[in-house]
1. Among the residues of segment 96-117, is there at least one that is in contact (Cβ under 8 Å) with a residue 60 or more places away in the chain and out of contact with any helix residue (DSSP H, G or I) (no Cβ under 8 Å at 6 or more places or on another chain)?
2. Are any of the residues in segment 97-108 within 23 Å of residue 161 (Cβ to Cβ) and touching a strand residue (DSSP E or B) at 6+ places or on another chain (Cβ under 6 Å)?
3. I'd like to know if segment 68-82 contains one or more residues that are closer than 25 Å to residue 188 by Cα and touching a residue at least 12 places away in the same chain (Cβ under 8 Å).
4. Being under 18 Å from residue 13 (Cβ atoms) and out of contact with any helix residue (DSSP H, G or I) (no Cβ under 8 Å at 6 or more places or on another chain) is the filter; apply it to segment 75-84 and report the residue that is surrounded by the fewest Cβ atoms within 10 Å (Cβ to Cβ).
5. Give all pairs with beta carbons closer than 7 Å in which a residue from segment 158-173 that is at negative phi meets a residue that is in a loop (DSSP other than H, G, I, E, B) and at pLDDT 95 or above; count only pairs at least 6 apart in sequence or on separate chains.
6. If a residue has to be touching a helix residue (DSSP H, G or I) at 6+ places or on another chain (Cβ under 6 Å) and either under 16 Å from residue 151 (Cα atoms) or free of Cβ contacts under 8 Å to residues at least 12 places away in the same chain (or both) to count, how many in segment 120-137 make the cut?
7. Would you call residue 58 at pLDDT 95 or above, surrounded by 15 or more Cβ atoms within 10 Å (Cβ to Cβ) and over 24 Å from residue 146 (Cα atoms)?
8. Looking at the structure I just gave you, is residue 41 surrounded by 20 or more Cβ atoms within 10 Å (Cβ to Cβ) and part of a strand (DSSP E or B)?
């Protein structure tokens, strides 16, 4: 039987997602059994995205905060902070949130804002990390869960998982293997972030 992740007071999680939401679902699946946490809200910025449909299927409240309705990143982050405070979030997890956040959000949740990125940071920061890895011809890439800082894809690393780049890999096949590791490490990263705060 799998051992639980580090013990800590139960955490209320808000997940931010822009796409299909598979990491969001991985967190929901881990919560309550191995992970002492509850996903209390999903926030999406793209109406009709896959994450929104997952939330409906899983019975998790979902709120649309469309970045297109905001004149600036600061305005968007102000709306995100209000949504997170309304549900008394302990930790905020960017799980495929395809927006650059401002210091406003980072400072509102210091060491409580997490991100998952499909590379072994500090390599291949920014957009299309999988494409960057393939273009560079590396033999090893992976994924990183880290605490967020104002600099893009920076901040203390919580967990990393290595993924080999196989002969014949294309963007789709490599992305799929990296994503499986993201699902594995993100719940652990949440536990470790909570443990850091409790310690």
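The values are calculated or read from the model by the stated rules, or taken from the named source; none is laboratory data. These numbers were taken from a predicted model, which means no experiment stands behind them. Here the Cβ positions follow ideal geometry from the backbone for every residue, glycine too, while neighbour counts run over all protein chains shown.
1. Among the residues of segment 96-117, at least one is in contact (Cβ under 8 Å) with a residue 60 or more places away in the chain and out of contact with any helix residue (DSSP H, G or I) (no Cβ under 8 Å at 6 or more places or on another chain), which makes the answer yes.
2. Yes, because at least one residue in segment 97-108 is within 23 Å of residue 161 (Cβ to Cβ) and touching a strand residue (DSSP E or B) at 6+ places or on another chain (Cβ under 6 Å).
3. Checked segment 68-82: at least one residue is closer than 25 Å to residue 188 by Cα and touching a residue at least 12 places away in the same chain (Cβ under 8 Å).
4. Across segment 75-84, the extreme among qualifying residues is 82.
5. These pairs meet every condition: 160/120; 162/120; 164/139; 165/138; 165/139.
6. Total satisfying the criteria: 1.
7. Yes: the conditions hold for residue 58.
8. Judged against the criteria, residue 41 is a match.
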